[in-house]
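The structure appears below as structure tokens.
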Amino acid sequence: MDNIIFLIIAAVAGLVIGFIIAKVLERSRASEIIKSAKKTSQSIIREAKSEGEAIKKDKILQAKEKFIELKSEHEKVILSRDKKMAEAEKRTRDKESQISNELSKGKKLSTELEQKIKDYNHRNEYLEKKQSELKKLHKSQVQQLEVISGLSAEEAKEQLVESLKEQAKTDSMALIQSTIEEAKLTAQQEAKKVIINTIQRIGTEEAVENCVSVFNIESDDVKGRIIGREGRNIRAIEAATGVEIIVDDTPEAIILSCFDSVRREVARLSLHKLVTDGRIHPARIEEIVKKTRKQIDEEIIEVGKRTVIDLGIHGLHPELIKTVGRMKYRSSYGQNLLQHSREVAKLCGVMASELGLNPKLAKRAGLLHDIGKVPDTETEVPHAILGMQWAEKYGEKPDVCNAIGAHHDEIEMTALISPIVQVCDAISGARPGARRQVLDSYIQRLKDLEDIAFGFNGVKKAYAIQAGRELRVIVESEKVNDERAASLSFEISQKIQTDMTYPGQVKITVIRETRAVNIAK
């Protein structure tokens, strides 16, 4: 046991002695490393100092070179400035010498001007004397003329003014007539060319709408089924559609009478479905009419879309498309409104192209110009103004709105396409066969033409011919001379333009003849 303890103590002592020896060795090595590091750092510092001195010398040399370069440039700038100052001083001296020369010339001119002023004053005094003498002479001559003529100067002046007025009026009338004729030879030729080219490029259809539709049936037995027991079926159809149904002796036909084309079409289609189905009673009638009315509404929208696509018009509001479709079931003076609007749109597009304007905008205005004729409710607003209000409401351009509102001169035209729409509307409505005219209004228009001619002095007879497109006026040769005949034709044309509304144009022909009659016996 004692041996073991001794061995343990010896081992521990050995470890401690080894650790102490290791520490001593590490310290000796560290001191050696520190010494070598000090030597290395000192050598690095010496090298850095030598390099710094070299860099310092280089920088000093570079700075001296830069200073010498800047100094030379500065001297150049100073030399150029001195040169410019010398030139400026030279120019100043030249100007001073020039001004002194001009001043000397000015003194000479002032003396000459003073002399001219004196001469002018002398001549002016001489002229004033002569003028006073002329006034006295003129006054004496006027007094002598008054004594000779028996008229005062004011009376003679009035007579002269009156005669000059008459002569000026005659000359101005002749000038106006010649100017109008010259304008017609130039402007009308171009306008006619554009209009004729436009009309020739458009194919038109004649469409005449009536207030009645004929519903054909296979046999007269169907009439009894449509009438129903005690007439209940026909009353139910009339109440549901708002159309008067006339059942008379016409073979295999029933007449539907209504001013509204949409109602007539609803009644016609409903009758066709009822007759085809065979079940005709009041409940079935109401059901069929309701379905047919819905079908017509869808067809109206489809017609509007198809019309817009055919004309190449884009971005139209859905309500305006629906209004365009409703025009299919409206007529104006017997002319189908949708057909008329399509025709006007095509004419506007062609005419705008001929004149170098926007054809798409013109087509748009031409199609929409009569939308005010298909209102949902009764209104007192003119259709042109109503159509313009709708176009503004649904976001159309100002030019289109103005063309719609101004095509009947309801408002002032402010857009270039407005007169195009007005002209194309007149072309479509005034062509032969486009519209029906009521006989009474036609006769009244002819009578008004003749009455306007009779309102002028010297008119003996007046005849409206060629369906009101020409007015022949025969005047009394004793009261109307040739110059007055020309001015009378012009005055009648202006009176017709301001007082009447008519399609196309009216030609006024004034005839003056002198007859000498003798009888040989």
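A few notes on this one:
Per-residue answers, yes or no, for (1) of a type in the set (Gly, Ala, Ser); (2) at pLDDT below 85; (3) in contact with an Asp or Glu (Cβ under 8 Å, 6 or more places away or on another chain); (4) within 20 Å of Asp376 (Cβ to Cβ):
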site	(1), (2), (3), (4)
Arg264	no, yes, no, yes
Leu274	no, yes, no, no
Glu302	no, no, no, yes
Arg306	no, no, no, no
Glu319	no, no, no, yes
Gly325	yes, no, yes, yes
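- Candidates Leu368, Leu316, Leu311, Leu320, filtered to the one that is more than 30 Å from Lys273 (Cβ to Cβ) and in contact (Cβ under 8 Å) with a residue 60 or more places away in the chain: Leu320
- In the set (1) within 50 Å of the chain's Cα centre (by Cα); (2) under 26 Å from Gln335 (Cβ atoms), Lys290 fails one condition alone, (2).
- Just one of the listed residues (Asp260, Asp248) is acidic (Asp, Glu) and either within 30 Å of Ile301 (Cβ to Cβ) or in contact with a Ser or Thr (Cβ under 7 Å, 6 or more places away or on another chain) (or both), and it is Asp260.
- Here Pro359 fulfils each of the conditions (1) in contact (Cβ under 8 Å) with a residue 12 or more places away in the chain; (2) of a type outside the set (Ser, Thr, Tyr); (3) in contact with a Ser or Thr (Cβ under 9 Å, 6 or more places away or on another chain) apart from (1).
- Residue count, region 251-286 (criterion: under 13 Å from Ala240 (Cβ atoms), β-branched (Val, Ile, Thr) and not in a loop (DSSP other than H, G, I, E, B)): 2
- The residues on offer are Glu298, Glu302, and the sole one that is surrounded by fewer than 18 Cβ atoms within 10 Å (Cβ to Cβ), more than 16 Å from Asn216 (Cα to Cα) and without any contact (Cβ under 8 Å) to a residue 12 or more places away in the chain is Glu298.
- Taking the criterion of being in contact with a Leu (Cβ under 9 Å, 6 or more places away or on another chain) and either surrounded by fewer than 24 Cβ atoms within 10 Å (Cβ to Cβ) or of a type in the set (Lys, Arg) (or both), the residues of region 347-357 that qualify are Leu355, Leu357.
- Among residues of region 379-395, those that are surrounded by 13 or more Cβ atoms within 10 Å (Cβ to Cβ) and touching a residue at least 40 places away in the same chain (Cβ under 8 Å), counted: 3
- Of all residues in region 262-289, those being touching a residue at least 40 places away in the same chain (Cβ under 8 Å) and more than 18 Å from Asn216 (Cα to Cα) number 6.
- Of all the listed residues (Thr111, Thr92), the sole one being at pLDDT below 85 and either among the β-branched types (Val, Ile, Thr) or surrounded by 10 or more Cβ atoms within 10 Å (Cβ to Cβ) (or both) is Thr111.
- Selection within region 489-519 - hydrophobic (A, V, I, L, M, F, W, C), out of contact with any helix residue (DSSP H, G or I) (no Cβ under 9 Å at 6 or more places or on another chain) and assigned to a helix (DSSP H, G or I): none
The values are calculated or read from the model by the stated rules, or taken from the named source; none is laboratory data. What you see is a predicted model, and the numbers here were worked out from it, not measured in a lab. Because the Cβ atoms are built from the backbone with ideal geometry, glycine has one as well, and the counts that use them run over all protein chains shown.
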